[in-house]
Amino acid sequence: MIYTFGMFESIGRTFSLIKQSWHVLMEDRRLILLPVMAAVALVGVAVMVAVLAAATGTLDRLDTAVAGAETEATAVDFVLGALLLGLSYFIVMFFNAALIATAMERLRGRPQGIGYGISVATTHIPALLGWALIAATVGLVLNALRNRTDGLLGQIAVSIAGGVWAYMTFFVIPVMVVENLGPLAAIKRSGSLLKETWGQQFTANFSFMFIYIGAVVVAVIPAALLFGISPILGFVVGVPLVALAMGTVQALEGIFKAALYDFAVGSTPHGFDQATLRSAYRAL
């Protein structure tokens, strides 16, 4: 009973922080543009790789494999797959860094435009490339383990490993952007900040995934209604609405993480309650 009360109390604190992040976002709605720009860049990379895949026969081999027929992947197929994965991770990391850099300035009372964040991220491209490579590799390994592990205990072990990785890397991008550290040093610093500020055991009782799902559902509803009248109209309205919803939640998440980082290093982020930040991640 005590555990249940503590859990709901912690969820309430997290909701409070999200609400405060929303107020900060409303002070500078331009932050939403950075996730939208990332989405556009991801589409561009996907199209580029698709064109190369079509020209090299990779798409044909992929279609054959999907159909269930035997086919042998070539070196070109692996290179294109790695290119798509690596560039996708880098784009996400780059614009995330730009978002956090811009949000950090606002939280410290020095509002900047999104151009500032992009310029800061540009100066950290080598570190971001390294971090994208590490994150993509670990992601592939965890996914492979998840797919090849049988039994409940094995799945639990993989989930714990993923949770530990998420814990260690929570502040990697803020650390790289603000403290100018490389990816390996940033991972070590990230874990230390969480441990020093909120203890060795912490509980994140809320996932932004729920907000992403809710935002997409809200965006899809009017598009679905219009789709019944005209599929083209539903598509034209739905795509920008979903992009706006996703961009808004990503901007909220960036502000949320920037505020927690700022508090962890001893600053007082503008628009956030110190007591709520102090108890944001507390073992139940």
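Here, each number is a calculation from the coordinates, and none is a lab measurement. Bear in mind that the values here come from a model prediction, so they are computed numbers and not experimental data. In this analysis, Cβ positions are derived from the backbone assuming ideal geometry, glycine residues included, and neighbour counts consider all displayed protein chains.
Annotations for the structure displayed:
- Helical segments meeting 15 Å axial Cα length and Kyte-Doolittle -0.5 threshold in the chain (DSSP H): 2-27, 33-56, 75-107, 125-148, 152-168, 183-198, 208-229, 231-264
- Share of pairwise Cα-Cα distances greater than 23 Å in segment 72-178 is 43 percent (whole percent).
- Coordinate range along principal axes, alpha carbons of the chain, Å, largest first: 59, 48, 46
- 10 Å Cβ shell holding at most 10 others, DSSP loop, GluC sites (Glu not before Pro): longest site-free stretch of the chain: 73-284
- Packing-based order for 114-122, 28-36, using average beta carbon neighbours within 10 Å, highest first: 28-36, 114-122
- Computed over segment 2-278: relative contact order in percent, which uses C-alpha pairs under 8 Å that are six or more apart: 27 percent
- Cα centroid separation, segment 27-85 to segment 92-168 (Å): 20 Å
- Descending semi-axes in whole angstrom, ellipsoid equivalent of segment 138-261, from the Cα gyration tensor: 35, 21, 13
- Lys/Arg +1, Asp/Glu -1 at C-beta; the chain dipole; positive extreme among Ser119, Gly57, Gln20: Gln20
- The residue among Leu277, Val216, Phe256 whose Cα reaches farthest toward the positive pole of the charge dipole of the chain, with charges on the beta-carbon of Lys, Arg, Asp and Glu, is Leu277.
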